[in-house]
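Only one structure is covered here, and it is reproduced in the block below.
Every read-out reported here was derived from the displayed coordinates using simple, explicitly stated rules and does not represent laboratory data. None of these values were measured; they are calculated from a predicted model. Backbone-built Cβ (ideal geometry, glycine too); neighbour counts: all protein chains shown.
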Amino acid sequence: MKKTVFLISLLILIGIGGKVMAFEIKSSAFSNNGAIPPKYTCDGQDISPPLSWNDAPAGTKSFALISDDPDAPMGTWVHWVVWNIPAQSVSLKEGIENTTRLTDGTMQGISDFKRTGYGGPCPPSGTHRYFFKLYALDTTLDLPANTTKAQLEKAMKGHILGQTQIIGTYSRQR
């Protein structure tokens, strides 16, 4: 029985041509560990970057996204809290409006800027790393509009089917 379950699991992971499929997030604006263009920061238009993903785990009912900066002087600074991204979605477009509920049901919570939606990189000094963490969930979440990162993480506990991330860096343009 264990061998059968293992083989079935392995077959699910193997794509066409024998390649292993991997849940992966990307951006057309920056590469992993690459510099985030000023357009997506407080030095530019301060709009959300385009993000796309592929090969979500089987059984995904929705996605959630958390973007934060672990290099902030006062501890990790939260830039974006998003949940209930529909399971059929494979991207978030550039410049998502900073409203609580998007037309497709995607919800945005409160960042450490104390506002709804995306707040771009704005480090006080040096180069900081910005993590865009995408979670595949086995459910949709019933959370209030003013949800924070900590509340989202608590609600996701036990529902995460997969996780992927992309990291961008930024230094102020002074």
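Points to keep in mind about this one:
- Once you reduce segment 143-174 and segment 23-46 to the center of their Cα atoms, the two points are 16 Å from each other.
- Full extension of the chain segment joining Q163 with Q45 gains 39.6 nm, where the gain is 0.36 nm per residue of separation less the Cα-Cα distance.
- Pairs of C-alpha atoms in segment 22-171 farther apart than 24 Å represent 25 percent of all such pairs.
- Helical content alone sets the calculated 222 nm signal of the chain at -3500 deg cm²/dmol, taking -39,500 (n - 2.57) per DSSP H segment of four or more residues and averaging over every residue.
- Taking R115, R172 and counting other C-beta atoms within 10 Å, the order from fewest to most: R115, R172
- Folded to 0 to 90 degrees: helix 2-13 orientation relative to the chain principal axis, Cα: 50 degrees
- Charges were assigned to the Cβ only: +1 to each Lys and Arg, -1 to each Asp and Glu. The resulting dipole of segment 22-173 about its Cα centre is roughly 120 debye.
- Pairs from K93/K157; K61/K157; K39/K133 whose Cα-Cα separation, in the structure shown, is over 23 Å: K93/K157
- Considering only segment 22-171, percent of DSSP beta bridges that pair antiparallel, nearest 5: 95 percent
- 3J(HN,Hα) along segment 147-155, derived from phi through the Karplus expression 6.51 cos²θ - 1.76 cosθ + 1.60 where θ = phi - 60°, amounts to 5, 9, 4, 4, 5, 5, 4, 5, 5 Hz, with x in place of Gly and Pro.
- Ascending count of other beta-carbon atoms within 10 Å, so fewest first, for V82, V90: V90, V82
- Extension gain, E24 back to A58 (0.36 nm per residue minus Cα-Cα distance, nm): 10.8 nm
- Rounded to 0.05, the FRET efficiency of the K133 and T103 pair, given R0 = 25 Å and the Cβ-Cβ distance, is 0.55.
- A viscosity of 1.306 mPa s and a temperature of 10 °C, combined with the Kirkwood radius over Cα pairs in Stokes-Einstein, give a translational diffusion coefficient for segment 93-174 of 109 µm²/s.
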